[in-house]
Amino acid sequence: MRLEFEPTRHVFFTGKGGVGKTSLACATAVALADSGHSVLLVSTDPASNLDEVLGIALTSSPAAVPGLDTLHALNIDPEAAARAYRDRVVGPYRGVLPPAVVTRMEEELSGACTTEIAAFDEFTRLLADASATAGFDHVVFDTAPTGHTLRLLSLPAAWDTFLATNTSGTSCLGPVAGLQAQHELYRATLATLGDGARTTFVLVTRPDVAAIGEADRTRGELSALGISNLHLAVNGIFENGALDDRVAAAFAERGRAALATMSDGLASLPRSEVPLRATPPLGLRGLRVLLDDDGADAEWSSGSAPPLSGARVGRSVVALRGLIDSIESAGRGVVLTMGKGGVGKTTVAAAVALELARRGHRVQLTTTDPAAHVHGVVGDNDSTLRLSRIDPVSETAAYASEVLAGAGRLDERARALLEEDLRSPCTEEVAVFRAFARVVADGEREFVVVDTAPTGHTLLLLDAAEAYHRQVERTRGELPDSIRRLLPRLRDPAFARVVLVAVPEATPVHEALVLQDDLRRAGIEPFAWVLNQALTRVPTRHPVLRARGAREGPYVDEVVTHFDGPVAVVPWVATPPVGTDGLVDLLHSSATLAEATPTTVS
């Protein structure tokens with residue numbers, strides 16, 4: 001097995017979206033199970049794709065993986081966990097308190113904050129309650145993208161402190177008495193996370209500057225949480241060998257240049273390297289190939305990339321600049337790039353924002369991603385583009401100050417209770433949501449391009465619109481106009497344009513299709529799709545790159561079958577799409593691909 005570390009009882013895989021956390025977590029779990037160990041594989045991602053990778057429909061209870069009885073898997077379902085949490089907290093008061101009071105308690109427990117803490121409770125139970133995983137030798141955690149995961153891992157300390165100091169008997173999650181039973185579990189979770197003999201954290205990255213930078217930041221933040229048993233896994237290492245191929249050489253050089261940016265601290269970690277594979281990491285066979293060197297990958301490397309045929313669905317190829325033309329015609333508004341982590345949402349958002357700014361418009365490029373890096377993608381530019389970021393720390397402080405200022409004259413005890421309530425971890429969720437609504441409102445007077453967090457975290461943010469006003473009422477604040485008009489604005493296709501971004505592979509496309517359905521249920525119709533980093537039209541003779549390109553057609557077909565709007569196919573480019581030159585080159589390459597495909601895409 002290529003991951004060269006001694007697996008502890010708990011193994012976490014974390015990193016930037018799209019680096020291969022799920023693939024490596026699943027492959028490691030399979031390898032451990034193949035060697036005779038009993039393994040439980042757990043996803044903490046609100047947008048989990050374990051089901052597709054393993055080829056099994058999963059629930060929140062362990063299920064045996066067909067063909068490998070020693071491997072079981074489950075998804076922590078945030079919504080199911082929230083329902084169970086509400087029942088557990090409110091249940092003791094049914095028949096005791098008036099029905100209207102019970103109903104209000106249920107309403108107060110219906111927000112995104114409750115969903116997060118309920119999912120967190122499930123996570124702590126699996127990690128710190130030995131009876132919950134008693135039949136398994138190893139528990140492997142496939143986590144959400146980094147920002148969301150760090151938030152999850154910091155919750156034990158946040159809630160432990162809050163519960164230890166709370167004197168009011170209430171919280172945004174209901175009576176503190178209902179939470180005290182979790183207090184010792186949170187303490188045990190902190191101890192388990194920091195015990196290197198029991199827990200290993202695998203930082204997953206790719207040979208990509210942004211992914212490596214995020215892995216380094218994660219290393220520092222995990223260390224601050226007291227987590228020190230770290231291992232670095234570099235996934236997708238590509239070597240062109242002796243093959244004289246310009247594209248393959250550029251592909252390999254980009255990887256080498258990215259790895260050269262690694263900090264001394266990150267480079268000092270024990271490291272494993274996994275090569276870029278032609279075999280899709282799906283099913284037991286594909287997962288075994290990912291970490292083995294038995295030559296099984298070779299048979300997948302004989303394919304060639306067909307032209308974009310469009311045999312089943314007629315649809316003109318749209319250049320990325322064509323999408324920008326349509327966006328520009330409105331004169332102002334909001335553009336939100338959404339999708340799975342690692343598919344290029346930030347790059348597409350930056351390219352759209354920079355082009356609009358180069359055309360003379362006032363443009364704000366911002367991000368809701370806790371692991372934001374828009375500044376690194378855009379770099380220095382002399383356009384009218386303005387960069388911003390929704391910073392949870394500063395937004396929380398500003399929100400708390402505003403609530404306290406608006407509370408009027410309170411006696412000492414009432415003010416102390418309000419300050420205590422504002423110290424709960426839920427306050428950050430409310431503050432970030434307010435900032436998101438405020439940024440969307442900016443689209444009334446300029447173009448605002450929002451690089452959103454990976455899918456699961458974004459859906460939690462949008463879900464908060466329905467429950468936000470209850471939290472505002474609890475903290476005696478007033479409902480801002482930006483909040484009141486948020487959903488109408490997002491549902492207005494003349495104002496808000498959602499661009500779904502994916503790479504033409506199974507998991508990113510299928511996750512984005514599910515996101516599309518979720519948005520439609522919320523009354524939001526996507527404006528366009530961008531299929532990014534396509535290898536289909538890239539001229540290369542390297543067998544691995546050709547094989548990967550050959551698999552893309554069906555996924556492009558799947559998108560245009562389920563979406564009637566414009567679909568832009570953006571090719572992989574030799575120049576890193578960073579800074580003004582790189583982003584302009586990306587726009588040019590997308591236009592060239594559209595011109596080279598005169599009728600339809602497949």
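The values are calculated or read from the model by the stated rules, or taken from the named source; none is laboratory data. As the structure is a computational prediction, the values presented were derived from the model and not from experiment. All Cβ positions, glycine included, derive from the backbone under ideal geometry; neighbour counts span all protein chains shown. SASA here: full protein model, heavy atoms, side chains in, ligands and nucleic acids out. Shrake-Rupley method; radii C 1.70, N 1.55, O 1.52, S 1.80 Å.
Key figures
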{"quantity": "Residue selected from the range 381-403 under the condition assigned to a helix (DSSP H, G or I), of a type in the set (A, V, I, L, M) and buried (at least 16 other Cβ atoms within 10 Å of the Cβ), by the criterion modelled with the lowest pLDDT", "calculated": "Val403"}
{"quantity": "Residue check, Ala29 hydrophobic (A, V, I, L, M, F, W, C) and surrounded by fewer than 21 Cβ atoms within 10 Å (Cβ to Cβ)", "calculated": "no"}
{"quantity": "Search result, residues across the range 36-52 that are in contact with a strand residue (DSSP E or B) (Cβ under 9 Å, 6 or more places away or on another chain) and either within 15 Å of Leu284 (Cβ to Cβ) or of a type in the set (Ser, Thr, Tyr) (or both)", "calculated": "Ser38, Val39, Leu41, Ser43, Thr44, Ser48, Leu50, Asp51"}
{"quantity": "Residues being open to solvent by less than 50 Å² (accessible area, probe 1.4 Å), assigned to a loop (DSSP other than H, G, I, E, B) and of a type outside the set (Ser, Thr, Tyr) - total across the range 40-91", "calculated": "7"}
{"quantity": "Test set (1) more than 17 Å from Phe123 (Cβ to Cβ); (2) surrounded by fewer than 22 Cβ atoms within 10 Å (Cβ to Cβ) - Lys16 fails condition number", "calculated": "(2)"}
{"quantity": "Filtered residues of the range 420-454 (kept if open to solvent by 30 Å² or more (accessible area, probe 1.4 Å) and modelled with pLDDT under 75)", "calculated": "Arg423, Glu429"}
{"quantity": "Odd one out for Leu513 among (1) touching a Gly at 6+ places or on another chain (Cβ under 9 Å); (2) modelled with pLDDT of 90 or more", "calculated": "(1)"}
{"quantity": "Identity of the residue in the range 351-376, under 30 Å from Leu50 (Cα atoms) and modelled with pLDDT of 75 or more, that ends up most open to solvent (accessible area, probe 1.4 Å)", "calculated": "Thr368"}
{"quantity": "Residue in the range 1-20 that is among the hydrophobic types (A, V, I, L, M, F, W, C), in a helix (DSSP H, G or I) and either at pLDDT 75 or above or within 20 Å of Asp129 (Cβ to Cβ) (or both) present", "calculated": "no"}
{"quantity": "Residue that is farthest from Val440 (Cα to Cα) [pool: residues in the range 509-523 that are touching a residue at least 60 places away in the same chain (Cβ under 8 Å) and open to solvent by 10 Å² or more (accessible area, probe 1.4 Å)]", "calculated": "His510"}
{"quantity": "Residues (under 24 Å from Trp572 (Cα atoms) and basic (Lys, Arg)) located in the range 494-528", "calculated": "none"}
{"quantity": "Residue check for Leu545: touching a residue at least 24 places away in the same chain (Cβ under 8 Å) and under 24 Å from Ile324 (Cα atoms)", "calculated": "no"}
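To keep it simple, each residue is scored yes or no on (1) closer than 18 Å to Val352 by Cβ; (2) acidic (Asp, Glu); (3) modelled with pLDDT under 90.
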{"site": "Pro493", "(1), (2), (3)": "yes, no, no"}
{"site": "Leu500", "(1), (2), (3)": "yes, no, no"}
{"site": "Arg537", "(1), (2), (3)": "no, no, yes"}
{"site": "Val559", "(1), (2), (3)": "no, no, no"}
{"site": "Asp585", "(1), (2), (3)": "yes, yes, yes"}
